[in-house]
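Okay, structure first, notes after.
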Amino acid sequence: MTEHHGAAPDDARARDFLDACMGVIGRDHVRSAAQSADWRRLTFPWPGRALAVLRPGSAEEALACLSLAGAFGCPLHPVSRGRAWGLGSRAPVSDAVMLDLSRLDRILDIDLLHGSVRVEPGVTFRQLHAALRAREAGWHVPAFGGPPDASVLANALDRGEGTGLFGDRFGQLWDLDVALTTGERLRTGFGRFEADRVAAIHGRPAGPLIEGLFSQSSFGCVLSGRLGLAPNTPHAGYITCEIGPPERLPAFVEVLRGLVRDQVIDSHDAFLWDGAKQVASVTIAREAPPEATSPQALGAWAATLTVRAAHEMLSDAKRAIAIQALLPVSDSVGLDDPDAATPRHHSGLYGHSDGANLTSCYWAKPSLPAGALDPDRDRCGFVWLCPVLPFEGGALQRLAAITGEVADRFGTFVMSGAEAVSVRALFGYVSLAWDRDEPGADERAMRGRDALAAAFAAEGFHGYRLAHPGIAAHGHTRGDWGAVVERLRRALDPGLVLGPGRVARPEGDADG
Ligand SMILES: Cc1cc2nc3c(=O)[nH]c(=O)nc-3n(C[C@H](O)[C@H](O)[C@H](O)COP(=O)(O)OP(=O)(O)OC[C@H]3O[C@@H](n4cnc5c(N)ncnc54)[C@H](O)[C@@H]3O)c2cc1C
């Protein structure tokens, strides 16, 4: 297991800090360590603990908590909805008081003309989708495979992914309202000007762009942000392709790259999955049919591509071009018109996230619970690795070989997938699922995770998003990157109290 940084506050300091916070947000919104046991659950073994939980009810109260954390030197970790399952759930990297932002759940405005929305951190995907539907908006927030009650803003800040051309959430995020532990508050976009007529439509004022400093960093806490929405495309449908064993990936991926380059298929609209991920998305091991769990079936790849267009003729032409190109490199090709079976607002193509994919966290559990799934509560073992790969068939075949070898060596269930995020790069989605109640399974799975991380790093497939165990290892870089980032952090959070351990510190720099 990898080390983590940061210092726990002594009891007296934490008590004084919590007393001061009670004065600002009210006694009812401060939970002690004893009342925060459920905040210590996550889907893999991890030592970082929630020391207490603060639940501010407004941006002003959240800013006051940050400022007090800075003044008292108490570690504080922001969480918007805490559904980062497989990445660290709502547990801090190092021991910290949790700043739970879920009560900040207002949609501050929706620009229906230009398609953008300003949201607070507690706004969920389900809530935003319902609000857009209620207004019959011609726009949607891109759907994703994660939980619908996750935070839209946190997902964007964490550089999460949705489907379609607007699926790069951080790329669609701007004009952040940021609070610092110094007590300062700033807007990163045009919202900082008195007359802010273009703040809702354009994210890049003249001068340095500093949004990136608040993504995957906890250098500041984001109190709201502006998100670009995706236009609804009236003509959209899926193409599904059976590809076969990993040896067939190179030819398929070469054809797919051409389709993405030529804008027949948009980036974030081409997903490839191995058989393990396909079967685990719909059922658990005990209930899966034997023919779906043979080594051959688990290792067979398939793809789901989306064709979208505003005009029917364009949609038909794109579909025909794609099918003609894909047939020679697929075992079979199928078409699926979502409008035929599903009401529009229930289709992922129009922003509906159904959370069905969460079934894959339960693969090794004895049963799937009825009602809402909660992998923390149900002691699912689950962890993500998110490597970036070149958009090349050989690279994806290599990822498949590495994951297959690690699954065999550690006797753990590994699922693999990839998504075209540009004409040049694929994001890999690799996850391990096990039952945390099975003796020895935690240890075996985490050793498998570490082996995968080491193999990906050796290949040069570094991560674009890290689960807690991957963060410390990420500190080993060339040049002065670590030292410079550390100076930036100290400028924004001089007491080094916010999100301790969230960004790896340079080697030998252990204070704070
Ligand atoms: C089966 C499965 C499928 C998934 N599919 C997807 C997918 O398709 N796409 C995807 O992107 N993810 C996916 N996920 C991952 C994850 O569930 C989501 O990314 C989810 O959105 C994260 O939870 P959250 O939004 O509640 O964020 P939180 O847990 O609240 O926060 C996430 C991170 O951002 C930081 N943070 C939160 N709020 C703030 C703030 N206001 N200011 C500063 N920092 C902040 C937190 O400290 C934390 O590090 C999937 C997970 C599972 C288990």
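So what is the calculated 222 nm ellipticity per residue for the chain, using -39500 (n - 2.57) for each DSSP H run with n of 4 or more, over all residues, to the nearest 500 deg cm²/dmol? Mind dumping the intermediate values first?
Values: 13 runs with 140 residues, N = 512.
About -8000 deg cm²/dmol.
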For the chain, alpha-carbon Rg and Dmax in angstrom: 22.8, 70
Leu186 versus Glu312: modelled label distance in nm, points set 7 Å from Cα along the beta carbon direction: 5.3
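How far, in nm, would the chain grow between Ala491 and Arg379 when pulled straight, counting 0.36 nm per residue and subtracting the alpha carbon separation? If you can, show how the numbers build up before the last one.
Working: separation 112, 0.36 × 112 = 40.32 nm, distance 3.95 nm.
The span from Ala491 to Arg379 would gain 36.4 nm if fully extended.
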Stretchable slack from Arg261 to Val423, in nm (0.36 nm times residue separation minus alpha-carbon distance): 57.8 nm
Span from the segment 464-503 Cα centroid across to the segment 297-359 one, whole angstrom: 39
The chain, accessible surface, carbon-and-sulfur percent (1.4 angstrom probe): 52
For the chain, cysteines whose Cβ has no other cysteine Cβ within reach (under 4.7 Å): Cys21, Cys65, Cys74, Cys221, Cys241, Cys386
In nm, spacing of pseudo-spin labels at Asp105 and His202 (7 Å Cα→C-beta vector): 3.6
Charge context of Ala96, other residues only, Cβ under 10 angstrom, K/R +1, D/E -1: +1
Two-site label geometry, Asp19 and Glu287: point separation in nm, points 7 Å out along Cα→Cβ: 5.3
Dipole of the chain [Lys/Arg +1, Asp/Glu -1 at C-beta], most positive-end residue of Val152, Phe214, His29: His29
Whole-number accessible area per residue in Å² for the chain, which is evaluated in the context of all protein chains at 1.4 Å: 41
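The values are calculated or read from the model by the stated rules, or taken from the named source; none is laboratory data. Small disclaimer: the values here were computed from a predicted structure and weren't measured. We place every Cβ from the backbone using ideal geometry, glycine too, and count neighbours over all the protein chains shown. Keep in mind that these areas ignore ligands, DNA and RNA; they rest on the heavy atoms of the full protein, side chains included. Shrake-Rupley method; radii C 1.70, N 1.55, O 1.52, S 1.80 Å.
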